[in-house]
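Let me begin by presenting the structure, written as C-alpha cells, before commenting on it.
The values are calculated or read from the model by the stated rules, or taken from the named source; none is laboratory data. No experiment lies behind these values; they were computed from the predicted model shown. When we count neighbours, we look across all protein chains shown, and the Cβ atoms used for this are built from the backbone with ideal geometry, even at glycine. Heavy atoms of the whole protein, side chains included, go into the accessibility calculation; ligands, DNA and RNA do not. Shrake-Rupley method; radii C 1.70, N 1.55, O 1.52, S 1.80 Å.
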Amino acid sequence: MTADDISEKVRDRAYFLWEAAGKPCGREHEFWAQASREIEGERGNDKPAEREGRSVAR
C-alpha cells in the first residue's frame, strides 16, 4: 500500500468520524489522529522501516 493510498483511507475515515460526531468545528486534528491510529493499526504487522509513508496528524 502506498502513502497516497493510506492518506486517502485516513482522510475518508476522519471525515466519517467527523460526520458521526455531528460535524463539530475545530476538532479536525482529533479526528485525523483517530483515523490515523485506526488505519495504522490495520497495518500493525508492518516492520517500522515499512511505515515510512505513514500518515500522522500535524
Scalar couplings 3J(HN,Hα) for the stretch 26-42 by Karplus 6.51 cos²θ - 1.76 cosθ + 1.60 (θ = phi - 60°), nearest whole Hz, x for Gly and Pro, are x, 10, 4, 5, 4, 6, 5, 5, 5, 4, 4, 4, 5, 5, 5, x, 5
How much of Lys9 can a 1.4 Å solvent probe reach, expressed as accessible area in Å² and rounded to 10?
80 Å²
Taking 7 Å along the Cα-to-C-beta vector as the label spot, tell me the Phe16-Ala3 distance in nanometres, rounded to one decimal.
2.5 nm
